[in-house]
1. Do any residues in region 30-47 that are crowded, with 16+ Cβ neighbours inside 10 Å have Cβ atoms under 6 Å from those of residues that are in a helix (DSSP H, G or I), where the two are at least six apart or on different chains, and which pairs are they?
2. Does Glu64 satisfy the condition of being in the same structural domain as Val22 (by TED's automatic domain parsing) and either closer than 13 Å to Val22 by Cα or in a helix (DSSP H, G or I) (or both)?
3. Hey, could you check region 3-56 for residues that are of a type in the set (Phe, Trp, Tyr) and in contact with a Leu (Cβ under 8 Å, 6 or more places away or on another chain) and say which is farthest from Ala90 (Cα to Cα)?
4. Restricting to strands (runs of 3 or more DSSP E) lying wholly in region 67-107: which have 2 or more residues that are among the aromatic types (Phe, Trp, Tyr), within 14 Å of Ile19 (Cα to Cα) and outside the structural domain of His26 (by TED's automatic domain parsing)?
5. Does Val22 count as touching a residue at least 40 places away in the same chain (Cβ under 8 Å), within 28 Å of Gly96 (Cβ to Cβ) and β-branched (Val, Ile, Thr)?
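The values are calculated or read from the model by the stated rules, or taken from the named source; none is laboratory data. Values in this document were obtained by computation on a predicted structure and should not be read as measured data. No Cβ is skipped: glycine too gets one built from the backbone with ideal geometry, and neighbour counts run over all protein chains shown.
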Amino acid sequence: MKIDEQFYASMLNSLKNPIVFVDTTHVVRYVNRAAISHYKEGESLLGTSIYDCHNDDSNKVIDEVFAALQNGEEERLITDSEKHRVYMRAVRDDRGTLIGYYERYEPPKTEHEKP
């Protein structure tokens, strides 16, 4: 089996949660199948600014968390609701340089998982 770009795309497309990868200029560079289905803009998000998808308050959060990611933080919780938790997660190259970020979704804990 050849491990190439198509392999990684296939792996990300197998995930049930949306993945939208954004580069350090805040441009959407990748969306998986779940994201295409989840967001009304779907595949047309590619090449657009993540700022165009959010309101001013959300864009302030993006800027704040992005600065933290640039300073070495790996992940931060940005939404915690009964529906889901959403984290903004750093993506780094082999040297540890930030190359972008994505939102990571988690379902809420079930009653038996809560402390």
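1. Val31/Leu45; Asn32/Leu12; Asn32/Asn13; Arg33/Asn13; Ile36/Gly42; Ile36/Glu43
2. Numbers: in the same structural domain as Val22 (by TED's automatic domain parsing): no; either closer than 13 Å to Val22 by Cα or in a helix (DSSP H, G or I) (or both): yes.
Judged against the criteria, Glu64 is not a match.
3. Just the residues of region 3-56 that are of a type in the set (Phe, Trp, Tyr), to begin with: 7-8, 21, 30, 39, 51.
Cutting the leftovers down to in contact with a Leu (Cβ under 8 Å, 6 or more places away or on another chain) gives us 30, 39.
Numbers: Tyr30: 14, Tyr39: 21 Å.
By that ranking, first place goes to Tyr39.
4. Values: elements: 75-80, 85-92, 98-106.
Here the list reads 98-106.
5. Values: touching a residue at least 40 places away in the same chain (Cβ under 8 Å): yes; within 28 Å of Gly96 (Cβ to Cβ): yes; β-branched (Val, Ile, Thr): yes.
Against the criterion (touching a residue at least 40 places away in the same chain (Cβ under 8 Å), within 28 Å of Gly96 (Cβ to Cβ) and β-branched (Val, Ile, Thr)), Val22 qualifies.
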